[in-house]
Amino acid sequence: MKPTGNTILVTGGGSGIGAALAQRLHDAGNTVIVAGRRLEALREACAGRANMHAMALDIDSAAAIDAFAAALIAAHPALNVVLNNAGIMRFEALDTRRDLADAEATITTNLLGPIRLTNALVEHLAARPDAALINVTSGLAFVPLLSTPTYNATKAAMHSYTVALREELKGRVEVIELAPPAVQTGLTPGQENRPGYMPLAEFIDEVLSLLGQNPTPPEILVQRVRFLRDAEAEGRFDATLAQLNAFAAQALASQPG
């Protein structure tokens, strides 16, 4: 991926990984558009930054995505990089009958959202020089956290979808997967300060270093996530599954409040 001089869309750009990445990419000399539901948060992320713009996007609505894509291209025809970052993570219990609203919302936001947005923008990207598409998945795509089953499943699906996109768009659009470990963000309640999770600034520093490599790796994997990404290949999947879920339970139990 070209490090500077891009016009970049970052979904879920009002907070967490999305906002931090958007600001650092802007610092590197890129025009950045942050998109999401909370326009006030997006504007805060852009505050004091020329060539950083906020656009409202309801990632759960197919019609809204199509309208957004048309408006985005009209306003920013130089768009050449899309970072599909928007996502939600909900805790679910699988051992009892329950309302599936959280599961269905997770699938809509985390899987249908980026598929629909990619579909709306793929022809534009394919016609642009130095085009890139970055899909944010998760280390949990490779080893699941038992308390977030639908989240894990959507990220595993996006991993597979990204592999297919990479092959289909080869030579036209560079397709990159960014798979974070557990990072201190507001993805779940209290996660910003959860013990043992990777500090956000440290994560962003390592991600930018990896993105700056030439050629850019097809998978952006900070060292902390390799424990999960490489578990199956290294023949330790079952042990890693147990370790991950024991760690998560301990981190939640030791969190103040």
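Bear in mind that the values in this text are calculations on the coordinates, not laboratory data. Keep in mind it's a predicted model, so treat the numbers as computed, not measured. Here Cβ is always computed from backbone atoms with ideal geometry, including for glycine, and neighbour counts include all displayed protein chains.
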Hey, how much of the P(r) for the chain falls beyond 28 Å, as a percent of Cα pairs?
30 percent
Below 8 Å between Cα atoms, with a sequence gap of 6+, how large is the relative contact order for the chain in percent?
18 percent
So A164 and E202, fully extended at 0.36 nm per residue minus their Cα-Cα distance, gain in nm 10.7 nm
Work through the residues other than G29 whose Cβ is under 13 Å from its Cβ and net out their charges, Lys, Arg +1 and Asp, Glu -1.
+2
Surrounding net charge for R49, when Lys and Arg each add one and Asp and Glu each subtract one, Cβ distance under 12 Å:
0
Amide H partners (placed H, <5 Å) of E174, local residues excluded
A131, A132, L133
I want to check the label-to-label distance for R38 and A233. Put each point 7 Å from Cα in the C-beta direction and report it in nm to one decimal.
3.6 nm
May I ask for the angle, rounded to the nearest 10°, between helix 237-254 and the longest principal axis of the chain, with both axes built from Cα atoms and the value confined to 0 to 90°?
90 degrees
Count charges around I65 for me, please; just the other residues with Cβ under 15 Å from its Cβ, Lys/Arg as +1, Asp/Glu as -1.
-2
Whole-Hz ³J(HN,Hα) from phi, Karplus 6.51 cos²θ - 1.76 cosθ + 1.60, for segment 111-122, glycine and proline x
10, 5, x, x, 5, 5, 5, 4, 4, 6, 10, 5
Express in nm, to one decimal, how much length is gained between A242 and I73 on full extension, taking 0.36 nm for each residue of separation and deducting their alpha carbon distance.
56.2 nm
Rh_Kirkwood(segment 144-194) over Cα pairs, Å, one decimal, evaluates to 12.9 Å
